[in-house]
Amino acid sequence: MESPARQLRGGIRIGIDTGGTFTDVVALDETRGRMVTTKTPSTPADPAEGFMAGVHKVLGLLGATRAEITAVSHGTTVATNQLLEDRIGDLGFITTEGFEFLLEIARQSVPDGYGNSYFWVKPPRIVPVHRVRTVGGRLDHTGTELRPFDEAGAVAVARWFRDQGIDTLGVCFLHSYANPEHELRMREVLRREHPAAVISLSCEVLREYREYERSVTTLVDAAVKPTMMRYIARIAERLGEPPFYVMKSNGGVLSAEEVVHQPITTVLSGPAAGALGAALVARTAGRDSVITLDGGGTSTDVAVVLGGEPTLTTEGSIGRFPSKIPMIDIITVGAGGGSIAWTSPEGTLKVGPRSAGADPGPLCYGRGGGDPTVTDAHVFLGRVPPHLLGGEIPLDPEAARAGIEGLAAVLGLALERSATGILEISAWNQANAIRQITVKRGLDVRDYPMVAFGGSGPLLVCRLMDILGLPAVIVPENPGNLSAFGLLTVDVKNDYVQTHVARDSELDPGAVAGVLAGLERQATGALDKEGFDATAHRLVRSADLRYFGQAFEVRVAAPAGPVDGDFRAEVVRRFEDEHERLYGYCYRDDPRHPVEWVNLRVSGIGPIKRPELAERPSREDGALPPLPGAYRQVYFDEDLTPAGREDGWRRTPIHRREELRREDVITGPAVIEEFGSTLPLHPGFQARCDPYGNLLITRLSLDPAGPESP
């Protein structure tokens, strides 16, 4: 693969984010100083087809050829969708003798707390017990061998899986995080006896203790590996020579050649790129800490940016599968433009999580959809134009109306009440997701502005400001393509972890230094392989600590430099500060509650040049903002006639986003349209265009009573 340094010499860099409805494309022509954005319909049957259609379309807009492409970065939902749809396939599990029921035992935690535990039945295991095989041999928690690896037993296990035609295998032996030797020998046996097998080893996926989580994470990696290998191979073959990177859940990218060896790292690929793009937009707008909301066709993803960086977690999950890999902390809710409105058996209106997707899509697409969706409600109310993508995709408002009529008949409500009810429920679904990522993390949602993007992201921002008490909302230029833009802002990044449990009073600085040195060697080796010069490497340390007896850890940054007494004291100080911030207390200098070190971590980062956002010109002195390009009837249910009768239909001005200049102000009611998205500006709100083309949405006045209660 060609060195990333080539990207610093001009040419065209392309970011492509594949979503449920559209594939978003951004191309940065560094030679000519030009950026273009576009969208193409996603192709769920073969996402690679939509990917290449996006490449061809954006090159056509630039008048360029493939030879001018210097890099392509991709955010993909292939692995995510496979897990969400529970398409696991015939997966096999190899573990230590005596631990064949590890997946059955799992953890005691249940959804929604113990109040529902009586009614909760554990979901099916990722690998049923009849496809689990064990091998003799045993290590202790330090990695010392207690019983030798059973070579003959390993051969028998490999042959059994071969004879059963089970070709996808996860291997997790007890305490292999401390010593990988037995797992490496198992892979040698499998390669010899079952060469067709696709194998994931826990010592390579996650060198961290807690056997259940490590096993499931390894098995998830194995499950998505064949799919990702085929998908990446199809794209690489069609794309040809340009370097090809894939977005990872941790906020970095990795070359396609390497990412197929660790496909689990891509499970939040697309949403992670959006959060990073939003962080860059927020920084240009002078905001280091924001909430991000990425509204798509199928779902909405929310995250938090603190101090300019999205927050990370290793306690995430994909569908019903826990995953311990580092990932941007994202909450996903089934509340996108394609979310279907339906009624429960009790007659209650529900919205989502089922989606009409890209095909057939909402009723207004005219492709045979059978149920009204959030998009249909927007179209019926006039808040979305009768077309998408600047006219490339015409919509059928009458089909949307017919769907709303059918739903209204069931609910016994007026058409407008039914449509606004759909949007109200969708807004509350999004608001609840935002509360999960803020209030449940100890953050006051009222302290943070929100960056709203994605094709459907800006549609409900005024209502969300009312529900949550948000101080402001930032809508970036080309919000429907921000995730694809985010792919151009991302560094190459790999994370490495190793468990090293020790009380702070007994910590051996030499042992810690040895573990960190080993992790740093892995990180620099990976960056060397990616083509980065040693002078460009950036190594970031962190550590997981807890008070002795606690079940969960707190992660804090660890300083560079020698591992000595000062290093140890600084990490402990950071841990206790963070523990106090998170939980409201700490046991600083209290010998009754000793600190315990658990995991050591190193992230290896190779920097890639970030695009610079261009400033918008100002209007000439005395020049007025442009007049609306058109008017249409739009329903805003906040409006009341003087007689008090509800009549929210208004002749509403329609503005084109590309015609706005810095410091232009638009007051609602209005609709601001652009190629990939639409912003309905409700009465009582205004939008101001900042120097970089972002729209800052604020209220004209605040209700002294504050935001309404849920």
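Laid out as a table, the results:
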quantity: Net charge contributed by nearby residues that have their C-beta within less than 15 Å of residue 616 (K/R +1, D/E -1); calculated: -4
quantity: Accessible-area composition of the chain, carbon plus sulfur, in percent [1.4 Å probe]; calculated: 51 percent
quantity: At q = 0.26, 0.30 Å⁻¹, base-10 log of I(q)/I(0) for region 334-381 (Debye sum, equal scatterers on each alpha carbon); calculated: -0.89, -1.08
quantity: Mean Cα-pair separation over length for the chain, i.e. relative contact order, pairs under 8 Å, 6 or more apart, %; calculated: 12 percent
quantity: Ellipsoid equivalent to region 343-407 - semi-axes via the Cα gyration tensor, in Å; calculated: 21, 12, 10
quantity: Stokes-Einstein D in µm²/s, Kirkwood radius over Cα pairs - the chain at 20 °C with 1.002 mPa s viscosity; calculated: 79 µm²/s
quantity: Relative contact order (%) - criterion: Cα under 8 Å, at least six apart; region: region 385-476; calculated: 20 percent
quantity: Amide H within-cut-off set for residue 318, under 5 Å, with H built and near neighbours excluded; calculated: 323
quantity: Amide H contacts under 5 Å for residue 373, placed H, 5+ residues apart; calculated: 341, 363
quantity: 15 Å beta-carbon shell around residue 603, net charge (K/R +1, D/E -1); calculated: +1
quantity: Hull-based mean projected area of region 163-248, where the convex hull spans the alpha carbons, in square nanometres; calculated: 7.1 nm²
quantity: Whole-Å semi-axes of the ellipsoid equivalent to region 386-484 (Cα gyration tensor, √5λ, descending); calculated: 29, 21, 10
quantity: Candidate aspartates and glutamates for bridging to residue 350, where Cα separation is under 19 Å - those fewer than 8 sequence places away on the same chain excluded; calculated: 371, 376, 405, 416, 424
quantity: Summed side-chain charge close to residue 52 - residues other than residue 52 whose Cβ falls under 12 Å, Lys, Arg +1, Asp, Glu -1; calculated: +1
quantity: Estimated inter-spin distance, residue 147 and residue 342, nm [label 7 Å along Cα→Cβ]; calculated: 5.0 nm
quantity: Set of aspartates and glutamates near residue 57 by C-alpha distance (under 16 Å), chain-local residues within fewer than 8 positions excluded; calculated: 17, 24, 29, 49, 68, 392
quantity: Using θ = phi - 60° and Karplus 6.51 cos²θ - 1.76 cosθ + 1.60, couplings along region 124-134 (whole Hz; Gly, Pro as x); calculated: x, 5, 4, 10, x, 4, 6, 10, 10, 10, 10
quantity: Average accessible surface area per residue within the chain, 1.4 Å rolling probe, Å²; calculated: 41 Å²
quantity: 5 angstrom amide H check on residue 31, placed H, neighbours 5+ away; calculated: 11
quantity: Calculated from backbone phi, Karplus (6.51, -1.76, 1.60) coupling profile of region 333-342 in Hz, x at Gly/Pro; calculated: 10, x, 9, x, x, x, 4, 8, 8, 8
quantity: Accessible area in the full protein assembly, largest first, 1.4 Å probe, for 674, 398; calculated: 398, 674
quantity: Region 81-89 - phi-based ³J(HN,Hα) in whole Hz, Karplus 6.51/-1.76/1.60, Gly and Pro as x; calculated: 5, 4, 6, 5, 8, 6, 8, 8, x
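The values are calculated or read from the model by the stated rules, or taken from the named source; none is laboratory data. Quick caveat, the model's predicted, so the values are computed rather than measured. Every residue, glycine among them, receives a Cβ derived from its backbone with ideal geometry; neighbour counts consider all protein chains shown. We work out accessible area using only protein heavy atoms, side chains counted, and drop any ligands, DNA or RNA first. Shrake-Rupley method; radii C 1.70, N 1.55, O 1.52, S 1.80 Å.
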